[in-house]
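Student: Would you mind keeping the following structure in view while I ask a few things?
The values are calculated or read from the model by the stated rules, or taken from the named source; none is laboratory data. These numbers were taken from a predicted model, which means no experiment stands behind them. Glycine also receives a Cβ, built like all others from the backbone with ideal geometry; neighbour counts cover every protein chain displayed. Protein only, heavy atoms only, side chains kept; ligands, DNA and RNA dropped before computing areas. Shrake-Rupley method; radii C 1.70, N 1.55, O 1.52, S 1.80 Å.
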Amino acid sequence: MTGEPFASAPYVVGKTAPKSAPQSDPVAFPPIPAEEALCPVVSHDWVNSEYKHLVVEASPKALSVSPGQFFNLLCPSPDVGELFFRRPQSVYRVNRRRSRIEFLYKCVGRGTRGLATLEKGDELNMVGPLGIGFKLDPAWRHIVVLGRGVGIATLGPISQLARDKDVGVTAILSARDQDFVMADTLFREAGDVVSVLDTDGSSAVENVEKILHGLIAQNRADAFFTCGSNRLLQLMKRLGKGHNIPGQVAMEQVMACGLGPCYVCVRTFEVDGKKELRRVCIEGPVFDMQEAVGW
Ligand SMILES: Cc1cc2nc3c(=O)[nH]c(=O)nc-3n(C[C@H](O)[C@H](O)[C@H](O)COP(=O)(O)OP(=O)(O)OC[C@H]3O[C@@H](n4cnc5c(N)ncnc54)[C@H](O)[C@@H]3O)c2cc1C
Ligand code: FES
């Protein structure tokens, strides 16, 4: 075999030379949708007591990520032990002009605690972009995105894309308190933002339902998108079914390989009245809302 081998060393941002010639033989060089890349950290800051905002310089392939897709990140160990598995994180914002990808993540366990130790100039090993992301139908004029907790980050890129396509966006961001309404600047750039909080009771399902009814009545809900809360998924599913509004949900699930073979990430779905098992990493993480059973 001549030329570049199929299994290759990671792409090192800033060091790997651009491909010299197009690999035109699809058998010897099948197109690979994802790659392993070493991406320098540009900045890494706390946004509140639990979440960090990580910006990396990304490879050209990584920058081809579409909304809702994710990367499997090799997190440094936060202690003396090994961390065997990568941790999935969806992309929160893409800046193609500056070749940057941003993540907004919650520090919950060893992987994310290790990730949090990365400093400006360190390299982050990322595999991706992975999975099937959101779809935006050109016929839609106004979409509603509804996120809670870590799910808010995942809804960033679809809101950016909608804005770029002149589609109106209403973002309903549900959080414990104002400190956890993250990314509202990004969503404000894309459209209208409604924050609903636990502290004043506005995050209650009945209140979110009222807000959604209002948007439906104003014809500002051609499609629903959600991530991060089972009760909000069930609400959107019910309203979507009742009002014939299509919907998509980004599911989160503990993963091992992130590539399809291990079946660690299987969840149950319901298609035409029959239960089906699907892998979140490769058949998702974005699924038709009416087919998602929830968790
Ligand atoms: C496709 C996808 C996209 C994601 N995007 C984001 C994101 O943008 N921002 C963000 O903060 N998090 C995101 N997550 C969740 C993130 O992967 C987990 O929080 C992370 O893997 C936890 O690793 P850990 O080692 O720190 O915690 P662990 O020690 O592994 O676990 C700590 C706690 O987190 C739970 N947990 C572990 N893995 C997951 C998981 N994959 N999903 C949900 N809960 C988990 C565990 O059950 C446990 O309660 C995403 C997950 C998936 C599958
Ligand atoms: S994580 Fe291995 S198949 Fe999905």
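Student: At a temperature of 20 °C and a viscosity of 1.002 mPa s, determine how fast the range 120-203 diffuses translationally according to Stokes-Einstein, using the Kirkwood radius over alpha-carbon pairs as Rh; express D in µm²/s, rounded to the nearest whole number.
Tutor: Numbers: Rh = 14.1 Å.
Once the numbers are plugged in, D ends up at 152 µm²/s.
Student: Moving on. Using the alpha-carbon centroid of each, what span in Å lies between the range 188-239 and the range 67-127?
Tutor: 29 Å
Student: Positive end of the charge dipole of the chain (Lys, Arg +1 and Asp, Glu -1 on Cβ, about the Cα centre): tell me which of Phe103, Leu83, Phe134 has its Cα farthest that way.
Tutor: Phe134
Student: Please calculate how many Å² of accessible area the range 136-295 carries per residue, with a 1.4 Å probe and no DNA, RNA or ligand atoms counted.
Tutor: In whole numbers, the range 136-295 has 44 Å² accessible per residue.
Student: Work out the length of the dipole vector of the chain about its Cα centre, built from +1 on the beta-carbon of each Lys and Arg and -1 on the beta-carbon of each Asp and Glu, and round it to the nearest 20 debye.
Tutor: It works out to roughly 260 debye.
Student: Right, another one. With 31 Å as the cut-off, how large is the P(r) tail for the chain, expressed as percent of Cα-Cα pairs? It would help to have the intermediate numbers written out before the result.
Tutor: Values: 13021 of 43365 pairs.
Beyond 31 Å sits 30 percent of the P(r) for the chain.
Student: With viscosity set to 1.567 mPa s and temperature to 4 °C, compute the Stokes-Einstein D of the range 153-295, Rh being the Kirkwood radius across alpha carbon pairs; µm²/s, no decimals. Walk me through the numbers on the way to the answer.
Tutor: Working: Rh = 16.2 Å.
Reported coefficient: 80 µm²/s.
Student: For the range 219-295, what size does the Cα cloud have along each of its three principal axes, sorted from largest down, in whole Å?
Tutor: Principal extents (largest minus smallest coordinate, Cα): 42, 24, 18 Å.
Student: Quick query: amide H of Val194 versus all other amide H atoms, modeled in the peptide plane; which residues come in under 5 Å with a sequence gap of 5 or more or a different chain?
Tutor: Ala171, Ile172, Leu173
Student: Counting only GluC sites (Glu not before Pro) that sit in a DSSP loop (anything but H, G, I, E, B) with at most 14 other Cβ atoms within 10 Å, what is the longest stretch of the chain containing none of them?
Tutor: Answer - 120-295.
Student: Which semi-axis lengths, in whole Å and largest first, follow from the square roots of five times the eigenvalues of the Cα gyration tensor of the range 68-168?
Tutor: That gives 30, 14, 11 Å for the three semi-axes.
Student: Beyond 28 Å between alpha-carbons counts as too far, so tell me which of Lys241/Lys274; Lys210/Lys241; Lys15/Lys165; Lys61/Lys274; Lys135/Lys274 fall in that bin.
Tutor: Check vs 28 Å cut-off fails for Lys15/Lys165; Lys61/Lys274.
Student: How high is the FRET efficiency from Gln218 to Ala256, r the C-beta distance, R0 35 Å, rounded to 0.05?
Tutor: Efficiency computed from Cβ-Cβ geometry: 0.20.
Student: If you roll a 1.4 Å probe over the chain with all protein chains in place, what percent of the accessible area is carbon or sulfur?
Tutor: 53 percent
Student: Ignoring ligands and nucleic acids, what accessible area does Val264 show with a 1.4 Å probe (Å², nearest 10)?
Tutor: 70 Å²
Student: Hey, got the dipole for the range 186-271? About the Cα centre, +1 on K and R Cβ, -1 on D and E Cβ, debye to the nearest 20?
Tutor: It works out to roughly 240 debye.
Student: Where both residues lie in the chain, what percent of DSSP beta bridges are antiparallel, nearest 5?
Tutor: Here the share of antiparallel DSSP bridges comes out near 60 percent.
Student: Tell me, what is the FRET efficiency for Asp177 and Glu206 to the nearest 0.05, using R0 = 22 angstrom and their Cβ-Cβ distance as r?
Tutor: In this case the efficiency is close to 0.70.
Student: Relative to a virtual label point 7 Å from the Cα of Lys106 in the Cα→beta-carbon direction, which members of the range 153-197 show backbone nitrogen distances below 15 Å?
Tutor: 153-155, 173-183, 197, by backbone N distance to the label point.
Student: What distance in nm lies between label points placed 7 Å from Cα along the C-beta direction at Arg163 and Asn48?
Tutor: Roughly 2.0 nm, to one decimal.
Student: Name the residue farthest towards the positive end of the dipole of the range 163-295 from the options Ser202, Val167, Pro285, assuming +1 on Cβ of Lys and Arg, -1 on Cβ of Asp and Glu, about the Cα centre.
Tutor: Pro285
Student: Work out the charge dipole of the chain with +1 on the Cβ of Lys and Arg and -1 on the Cβ of Asp and Glu about the Cα centre, then indicate which of Pro157, Asn48, Asn125 is farthest towards its positive end.
Tutor: Pro157
Student: Would you calculate a helix-derived [θ] at 222 nm for the chain, using -39,500 (n - 2.57) for each DSSP H run of n ≥ 4 and dividing by the full residue count, to the nearest 500?
Tutor: Roughly -5000 deg cm²/dmol at 222 nm, from the helical runs in the chain.
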